[in-house]
Amino acid sequence: MKRTLSLVLLFLLISPVTGDEPRLQIGQVAPAWKNLPATNGKKYSLTDFDNIDVLVVCFTSNTCLYSQDYEGRMALFSNAYSQAGASVKLIAVNSSPKPSDSIENMKRRAEEKKYPYLYLADHEQTLARSWGAIFTPEFFVLNKSREIVFIGAMDDHTMEDKVTRHHLNDAVDAALMGTLPKVTTVPARGCRIPVSRSRRQKP
């Protein structure tokens, strides 16, 4: 009985949401966002990055253990392309409505871990819903035309020392060359983004 329950919980963790959430398709232009607050005190819209050739958006969380596992890898990714002078920018987005993911806690996390990338709050879940984001972490790669060229997991293993395929790097490198990567979608692994549901107003 315990084993069956464990398998059910695991399935709920890693299986995609089945509902009315739209899912972006490869080649589709990404829906824009406007004025999302960041941990640096500023607000950012998609158009603020028009000078960047390749944009990587990662939906993440302060407390999801999978997201925490990828913080170091995301920092290395961001620093590597920055140091190489490539026109690539990684943006992390937190769409969780949990108190532990409040903007104040996001700021503390960003300072503690010294994120070299922007960390935006999407607590009304406007961006997550319009993009169909389901998991944390889940990566979206946008080319210069802001078309989606990749959706999914950063690599092929949650344990960094067992990674053999770097899906995100391959997608970004292809986008910089103006082509599609060989692999455009990889199932993301992680925690589901909690759905924020508004209460019905009494008549």
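Within the range 89-133, how many residues are charged (D, E, K, R) and in a strand (DSSP E or B)?
Residues of the range 89-133 charged (D, E, K, R): 89, 98, 101, 104, 107-109, 111-114, 122, 124, 129.
Then drop every residue that is not in a strand (DSSP E or B), which leaves 89.
Qualifying residue count for the region: 1.
Out of Leu5, Leu13, Leu24, report the one residue that is part of a helix (DSSP H, G or I), modelled with pLDDT under 95 and surrounded by 10 or more Cβ atoms within 10 Å (Cβ to Cβ). Quick ask: steps written out before the conclusion?
Numbers: Leu5 fails: surrounded by 10 or more Cβ atoms within 10 Å (Cβ to Cβ); Leu24 fails: part of a helix (DSSP H, G or I).
Exactly one of Leu5, Leu13, Leu24 is part of a helix (DSSP H, G or I), modelled with pLDDT under 95 and surrounded by 10 or more Cβ atoms within 10 Å (Cβ to Cβ), namely Leu13.
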Filtering the range 152-203 down to residues that are among the hydroxyl-bearing types (Ser, Thr, Tyr) and either part of a strand (DSSP E or B) or modelled with pLDDT of 95 or more (or both) yields Thr164, Thr179, Thr184, Thr185
Filter the range 101-141 for residues that are over 21 Å from Ala80 (Cα atoms) and of a type in the set (Lys, Arg); the one that is surrounded by the fewest Cβ atoms within 10 Å (Cβ to Cβ) is Arg108
The number of residues in the range 62-100 that are closer than 15 Å to Ala153 by Cα, buried (at least 22 other Cβ atoms within 10 Å of the Cβ) and hydroxyl-bearing (Ser, Thr, Tyr) is 2
When Gly41 is run through (1) more than 17 Å from Val172 (Cα to Cα); (2) touching a residue at least 40 places away in the same chain (Cβ under 8 Å); (3) not basic (Lys, Arg), the failure sits at (2)
Pairs returned, first residue in the range 84-99 that is farther than 15 Å from Ala133 by Cβ, second residue that is in a loop (DSSP other than H, G, I, E, B), beta-carbon separation under 6 angstrom, 6 or more apart or interchain, are Ser87/Ile52; Ser87/Asp53; Lys89/Ile52; Leu90/Tyr117
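The values are calculated or read from the model by the stated rules, or taken from the named source; none is laboratory data. Predicted model, so just to flag it, every value in this text is computed and none were measured. Cβ sites come from the backbone with ideal geometry, for glycine too, and all protein chains shown count toward neighbours.
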